[in-house]
1. When the range 358-372 is examined, which residues are found to be touching a helix residue (DSSP H, G or I) at 6+ places or on another chain (Cβ under 6 Å) and part of a helix (DSSP H, G or I)?
2. Please work out which residue is modelled with the highest pLDDT, limiting yourself to the range 312-342 and to residues that are surrounded by fewer than 16 Cβ atoms within 10 Å (Cβ to Cβ) and closer than 16 Å to VAL391 by Cβ.
3. Could you check the range 344-357 and list, in sequence order, the residues that are in a helix (DSSP H, G or I) and either at pLDDT 95 or above or out of contact with any Pro (no Cβ under 7 Å at 6 or more places or on another chain) (or both)?
4. Please determine whether any residue of the range 227-234 is touching a residue at least 12 places away in the same chain (Cβ under 8 Å), open to solvent by 20 Å² or more (accessible area, probe 1.4 Å) and β-branched (Val, Ile, Thr).
5. Of the numbered conditions (1) surrounded by fewer than 16 Cβ atoms within 10 Å (Cβ to Cβ); (2) free of Cβ contacts under 8 Å to residues at least 60 places away in the same chain; (3) not acidic (Asp, Glu), LYS277 satisfies every one except a single condition; which is it?
6. Given the condition in contact with a Pro (Cβ under 6 Å, 6 or more places away or on another chain) and either part of a helix (DSSP H, G or I) or free of Cβ contacts under 8 Å to residues at least 60 places away in the same chain (or both), answer yes or no: does some residue in the range 241-260 qualify?
7. What are the residues in the range 89-111 that are farther than 12 Å from HIS148 by Cα and either touching an Asp or Glu at 6+ places or on another chain (Cβ under 7 Å) or among the acidic types (Asp, Glu) (or both), if any?
8. Just checking, which of ILE191, ILE186 is modelled with pLDDT of 85 or more, in contact with a Cys (Cβ under 7 Å, 6 or more places away or on another chain) and either crowded, with 22+ Cβ neighbours inside 10 Å or of a type in the set (Ser, Thr, Tyr) (or both)?
Amino acid sequence: MRSGMDISPLAQSQASAGPPGVPSGPTTVPHPLTLGAGRSDPFAQYPINMDIRTHELFDHLHGNTCPMFNTLRKIGFFRAILDEAAFSQILSTSSSHMMSLRDPEKAENPEAIVLSSEAIRSINRRITDPVLGTSDGVIFAIISFACHAVMFNDVQGTLTHFNGLEAIIHRRGGLDALGSNPVLRIVLFWIDVNTAFLHDRCPRFPAPEDILPKANIEVLALHSPHPMLEACIDEQVVSVMSELLVLNQLILSELAVRDMWDDGVFAGLHIVPIMSKLLCIRQEPCEHGPVFARQKACRIGALLYLAAIRRSFGVHLAPDIHIPKLKHAITTWVELNMDGTNPLILWLLVIGGAQSLGHQDNGWFVSATVNIIVRLQLSAWEELMNSVRSVLWVEGILQVECSEFHRKISSEATNNEIAQVNSQFISRNDSFTANLPPKAHS
């Protein structure tokens, strides 16, 4: 895989010309009293009339408070939006994000509602027109709605917007009719995969292979057969897992030379394509045998692992639909095969436990992990994590979640007075327990 892909065409291709069929923005120069805060161009042409507040909202899109905004800005998405509906919707998303930073508990944002309603009215005026209804501008607008839904984990909203988007692209003549617009195609791909993850279904559109970096699957320098590859029996799954292992090596090598967590474009070009391939894999039910259950657990675990890495890049995708499926796959695998000492199970339990905080199945992951700690006679959290690292791990991901999962494991072990080995496990002052509340060390 290439990590230094030149994305300048994404940022430049739409900088000077708007989408076909979309009128240019107002030509009047804003009054000096209505200029924005500085990062947005106060003398540019915008699709809507701008005042002080809308300049502030547009300026917020160019700040450093939201990794998703940063990524979209780097590829030229905001400069490509010259449609009034799309522009109003991204301002609505900006307002919603500002509100979430200032008052996370506040559910309703009248300003965002007004802006989004303006976007909807603009789309409705054109949607029945055979030309304007399938224009780049309308497609950008619906993608903007879908971006908002993904950003705030509105699972039903993502489905609604993508149903409409798919219908419009079909009316226009399919993806080929979108031409070579790289910004439109790459953002469509990203939102498609994000939406597919939230619903655990296959993405609706193929990956833009001519834009994405080419995968370079090299021979892995492993001292023994890798547990993730041994867990898979289908050639397609083995191939995707091999790509995942190479990606992990690439991330580790990048982290050795730079702080890459603000490089959302890297995540979009390297991580999202593998998530897409994993989501496209449809497998036999777990009940068909332990090998099928093991492979299914491995696939779900890989998706949750990639979602955890993307969380470090600032993209928080709700994993709720995957948690009960992972629990079922692990349970079926272990019950049918009694293979509870496989290090892959520990890796799956830690991924599931850290990603399921707040989910009703989190208690199951806590109890299952405690039981394996007893079976393997592990004496410290670091010993458990060493087993996890032997499978697949990037230091720095899920730090807060793993600390909370560790606290819950320690609490359950203490409450149930499980064996002396567990007393040693929870009292060891290792790197994970050092910063935990006192009750976690009892």
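The values are calculated or read from the model by the stated rules, or taken from the named source; none is laboratory data. Note that the coordinates shown come from a computational prediction; the quantities given were computed from them, not determined experimentally. Every residue, glycine among them, receives a Cβ derived from its backbone with ideal geometry; neighbour counts consider all protein chains shown. For the accessible areas, the whole protein counts, side chains as well, though only heavy atoms, and no ligand, DNA or RNA atoms are used. Shrake-Rupley method; radii C 1.70, N 1.55, O 1.52, S 1.80 Å.
1. TRP364, PHE365, VAL366, ALA368, THR369, VAL370
2. THR341
3. Of the range 344-357, the ones in a helix (DSSP H, G or I) are 344-355.
If the condition is that a residue be in a helix (DSSP H, G or I) and either at pLDDT 95 or above or out of contact with any Pro (no Cβ under 7 Å at 6 or more places or on another chain) (or both), then ILE345, LEU346, TRP347, LEU348, LEU349, VAL350, ILE351, GLY352, GLY353, ALA354, GLN355 are the ones that fit.
4. Yes, the range 227-234 has at least one match.
5. The one condition LYS277 does not meet is (1).
6. Here is the first cut: in the range 241-260, the ones in contact with a Pro (Cβ under 6 Å, 6 or more places away or on another chain) are none.
Looking for residues that are in contact with a Pro (Cβ under 6 Å, 6 or more places away or on another chain) and either part of a helix (DSSP H, G or I) or free of Cβ contacts under 8 Å to residues at least 60 places away in the same chain (or both), one finds none in the range 241-260, hence no.
7. Step one: of the range 89-111, the residues farther than 12 Å from HIS148 by Cα are 98-111.
Those that are farther than 12 Å from HIS148 by Cα and either touching an Asp or Glu at 6+ places or on another chain (Cβ under 7 Å) or among the acidic types (Asp, Glu) (or both): ASP103, GLU105, GLU108, GLU111.
8. ILE191
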